[in-house]
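K.L.:
Just passing along the structure, written as C-alpha cells.
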Amino acid sequence: MVETNHVHHHGPPPSVVAPPSVISIPTGPKVHQPHEQLHQLQFCIHSNAPWPESIALAFQHYIVMLGSSVMIATLLVPQMGGDNGDKARVIQTLVFMGGINTLLQTLFGTRLPTVMSASFAFIIPVMSIINDFSDSVFTSERERFRHTMRAVQGSLIVSSFLNIIIGYTKAWGHYTRSFSPVVVVPVVCVVGLGLFERGFPRLAQCVEIGLPMLILLVVSQHILRQFHHGAHTLFVKFGVLFCTAFMWAFAAILTVAGAYNYVRGQTKQSCRTDRAYLISTAPWIKVPYPFQWGPPIFRASHVFGMLGAALVSSAESTGTFIAAARLAGATPPPTHVLSRSIGLQ
C-alpha cells in the first residue's frame, strides 16, 4: 500500500484569513477621558472642550472672581474714604492683576487650570491700616483714601518679597512636604469662617434677592439637574451663570416696578440695580499701572500684618494647587513647582 498526499476532508473548508486592513490614525487633537475614579467630571487636565463651551465656562469663572473682587472693594474702599469712582478703579485693578497672575500661573507656575484672585486673608491687615489712619486729619476724604492706599501698597510690596524669597529659594517646597489635609484644611476653614461675619450679613441686607439666589443655586445643583440631560448640563456646568442672570433680572424687575421706592437707604443701596454707580463712574479704557495712587508708604507696624497674610495666602494657594491637580486628574505638584508658583504669586 502506498500513501498519497491526497487526504479527503469531510468537514467544511478552512476559512481564509483576510489580510489586515490599514488602521486610520486620527489627525485631530487627542482627547483623554476623565479618570475612572472621578467619573463626575466632564473634563480632565488633558481634555479639550469645544470653544463655545470653553468661553462660557471661562466667563463663569470671571463672574465668580468678579464677585469676590467687588465684595472686597465694597467692604474696604468706603472705609478708606473713597467714592464710587475709586471703588470702580480698585475693582479694575484687582481684576486686571488677577488676570496677570492667572496667566503667569498657567503658563509658568503650576500650569494647572486655576483662576487666581484677590485673597480674603489680606482683609484683616488692610482693616488694621484703615483703623490706624482713622484719627488722622486730612484735608478731604479723597486725600485720606489716597494716603491709605499708599500705605497698603507699601506693606504689600514688602510682604511680596517674603513670597519671592521662600519661593525661589525652594524653602516653601521643602516645607510643603509636611503638608497634608490635616494641615491645609483647618487653615483654609479658619480663614473662611473668620470672614463669615463680614460676608454673610451682606446677604441679610437684601433678603429678597440674596436668599432666593442661595436657594436657587442649591436646588438647581442637586434637584433640577435630575429631570433632563439638557437640564443637567445647564445646571451643573453653568449653574452660576444661570442663577446670576435669573436673579439679576428679578432684581431689575423689582427696581423698575418701584418695590424699593419707600425703603431705607441701606436697602436701596443693597437691592436696587441702579445704585452701585460702578459702570457709570468707570472709564471705558483704563490700564492700571504701578503707584497709580502715589508713592508707597512703608511702616513697620503695617508690614508685619501683611507678612502674616502672605503666609496664610501661600498656604491657601498651595492647598488649592494640590486639590486642583487631584480633581483635574494630574499628578501631585512637585515641591519645586509649588515653590515656583509661590514665588510668582
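K.L.:
In the neighborhood of Arg142, defined by Cβ-to-Cβ distances under 11 Å, what is the net charge if each Lys or Arg adds +1 and each Asp or Glu adds -1?
P.N.:
After counting each charged neighbour, the total is -2.
K.L.:
Now a separate question. Taking 7 Å along the Cα-to-C-beta vector as the label spot, tell me the Ser134-Ala282 distance in nanometres, rounded to one decimal.
P.N.:
So the label points at Ser134 and Ala282 sit 3.0 nm apart.
K.L.:
May I pose another question? Pop the C-beta distance of Phe298 and His228 into the FRET formula with R0 = 45 Å and round what comes out to the nearest 0.05.
P.N.:
Efficiency at R0 = 45 Å is approximately 0.15.
K.L.:
Net charge near Gly81: determine it from the other residues with C-beta under 10 Å of the C-beta of Gly81, scoring Lys and Arg +1 and Asp and Glu -1.
P.N.:
Taking every Cβ under 10 Å from that of Gly81, the sum is -1.
K.L.:
Next question. Say R0 is 22 Å: what FRET efficiency, to the nearest 0.05, do Leu203 and Ala49 get from their beta-carbon distance?
P.N.:
So, using R0 = 22 Å, E works out to roughly 0.10.
K.L.:
Quick one: grab the alpha carbon gyration tensor of region 76-344, order the square roots of its eigenvalues as a ≥ b ≥ c, and give me rounded if a/c is under 1.5, else prolate or oblate depending on whether a/b is larger than b/c.
P.N.:
oblate
K.L.:
Right, something else. Under a 1.4 angstrom probe, counting protein chains only, how are Phe122, Phe291, Phe304 ranked by accessible area, largest first?
P.N.:
The ranking, largest first, comes out as Phe304, Phe291, Phe122.
K.L.:
Sticking with the crude label model, points 7 Å out along Cα→Cβ, report the distance from His174 to Val263 in nm, one decimal please.
P.N.:
5.7 nm
K.L.:
Whole number in Å², please: accessible area per residue of region 76-344, 1.4 Å probe, ligands, DNA and RNA not counted.
P.N.:
It amounts to 56 Å² per residue over region 76-344.
K.L.:
If I take all pairs of Cα atoms in region 226-345, what percentage of them are more than 20 Å from each other?
P.N.:
Everything past 20 Å amounts to 74 percent.
K.L.:
In whole percent, and with a 1.4 Å probe on the protein chains, what portion of the accessible area of region 76-344 is carbon and sulfur?
P.N.:
69 percent
K.L.:
In debye to the nearest 20, how big a dipole does region 76-344 give about its Cα centre with +1 on each Lys and Arg Cβ and -1 on each Asp and Glu Cβ?
P.N.:
Computed about the Cα centre, the dipole is about 420 debye.
K.L.:
Using the Karplus curve 6.51 cos²θ - 1.76 cosθ + 1.60 with θ = phi - 60°, work out ³J(HN,Hα) for each residue of region 323-336 in order, rounded to whole Hz, and write x for Gly and Pro.
P.N.:
Per residue, the Karplus-derived 3J(HN,Hα) values read 5, 5, 5, 5, 6, 8, x, 9, 6, x, x, x, 5, 5 Hz.
K.L.:
Give the distance, in whole Å, between the Cα centre of region 288-314 and the Cα centre of region 124-170.
P.N.:
The two parts, judged by their Cα centres, are 4 Å apart.
K.L.:
With every protein chain kept in the model, how would you rank Arg111, Arg142 by accessible area, 1.4 Å probe, largest at the top?
P.N.:
Arg111, Arg142
K.L.:
Further question: Arrange the residues Trp293, Trp284 by how much accessible surface each exposes, largest first, with a 1.4 angstrom probe.
P.N.:
Solvent-accessible surface, decreasing: Trp284, Trp293.
The values are calculated or read from the model by the stated rules, or taken from the named source; none is laboratory data. Bear in mind that the values here come from a model prediction, so they are computed numbers and not experimental data. Glycine gets a Cβ as well: all are built from the backbone with ideal geometry, and neighbour counts include every protein chain shown. Remember, those area values only see protein heavy atoms, side chains included, never the ligands or the DNA or RNA. Shrake-Rupley method; radii C 1.70, N 1.55, O 1.52, S 1.80 Å.
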